[in-house]
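Single-structure report; data block below.
The values are calculated or read from the model by the stated rules, or taken from the named source; none is laboratory data. Note that the structure is predicted; figures quoted are calculated from it, not measured. Here Cβ is always computed from backbone atoms with ideal geometry, including for glycine, and neighbour counts include all displayed protein chains. Heavy atoms of the whole protein, side chains included, go into the accessibility calculation; ligands, DNA and RNA do not. Shrake-Rupley method; radii C 1.70, N 1.55, O 1.52, S 1.80 Å.
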Amino acid sequence: MPAPDFTSANVGAAVDDDSYVLHVDHYWHAKQLHRNGQRITSPSIKAAGCSWRIHYYPNGISSACKDYISISVALEGLNSRVSEPIKACWSRFTLLDQAREPVAGHSVYTDVMESSKAGASHSCDLFIRKKFLEASEHLVDGCFIIQWDIFVDRAAPPSDDMLGTDVVFQVGGVEFSVHRSVLAARSSVFEAELSSTTREGSTAARDCIRIDDMLPEVFESLLHFAYSDSVPDMDGTQGPMIAEHLLVAADRFDMKELKLICEEKLCSNINGDTIANMLRFAEQHQCRFLRDACIEFLEDPPVLQVVMATDDDLLELVAKSCPVLLKELWANDEDDTMLDELAMCS
């Protein structure tokens, strides 16, 4: 039996300066021999002016991810040299099919890493659900293919005009003074908006940007994350509502790490009373992790039956989100009315 070996996997030639194709071999052996939390490490990869190593966790990086493959990337250790200081960097991992085309719904961004210190890392804890991969045509002879894209934002030299706040946002009648450079580094949407105002010329009127359809408290929480890389307390009875509003804002401004944090919070609030609204919310805002958690909650046919009995529209939504659940329910259902409804949705 060949040993599971990600370190000798074929790290293909770069697709471009910051993109690599990785072949992961011996999936079944790695899954069998590596416990939850154990990793396999790739050879050194040169990308974006740095040396990196990719860590592959066949059974997840932690107990919370035991049903998933986890993957992370780290600046290489003692001999790594960073050519220029890094202000921020993040990665995207994408599952590819055998024709090396992206698999829909399986492209995940890591959190943002704001360090140029050797050993600093960022990860995709819930990269690919093992059950999905094993049942798919993307795993062939124990091998599957990943594309890794690395994005590095180099630190700019400090300048006098960056010492103070230089733009004002007006949200719900409340003004927030902020730094362009901070928001531009955290959000491509802010970067485009702020660079546009800079190109058009800086005036007092142009420096005040109005945001509609958002609560000031939500924008304040978004700024808190942009500056501190942490979120406010979302515990208590109001926590899920805060997480929903903040996720909508993160989605609007393309702040992927914040969106994932909010998804994780909402996943912990899934129950029989919230599942229908949670699944709708996940579909509306393309929340893959939240959607997967909802589907997992509904995988028990009796649970799915009970929930659908209290929500007439959920059947159509489940048919769209995960039709395989309907087949399982069909096999277990003895109610002719339910069977008729299933037939109409399938």
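Expressed in nm to one decimal, what extension gain is obtained for the pair Asp235 and Ser107 from 0.36 nm per residue of sequence separation less their Cα-Cα distance?
Length difference between fully extended and current span is 43.1 nm.
So what's segment 233-296 giving for Rg/Rh, alpha carbon basis, Kirkwood Rh from the mean inverse pair distance?
Rounded to two decimals, Rg/Rh equals 0.93.
Applying 1/(1 + (r/R0)^6) with R0 = 51 Å to the Cβ-Cβ distance of Arg280 and Leu33, what FRET efficiency is obtained, to the nearest 0.05?
After rounding to 0.05, the efficiency reads 0.80.
Pairs Lys46/Lys66; Lys131/Lys265; Lys130/Lys265: which exceed 28 Å Cα-Cα?
Over 28 Å Cα-Cα: Lys46/Lys66.
Considering only protein heavy atoms, with the full assembly of protein chains and a 1.4 angstrom probe, order Leu260, Leu247 by accessible area, largest first.
Leu260, Leu247
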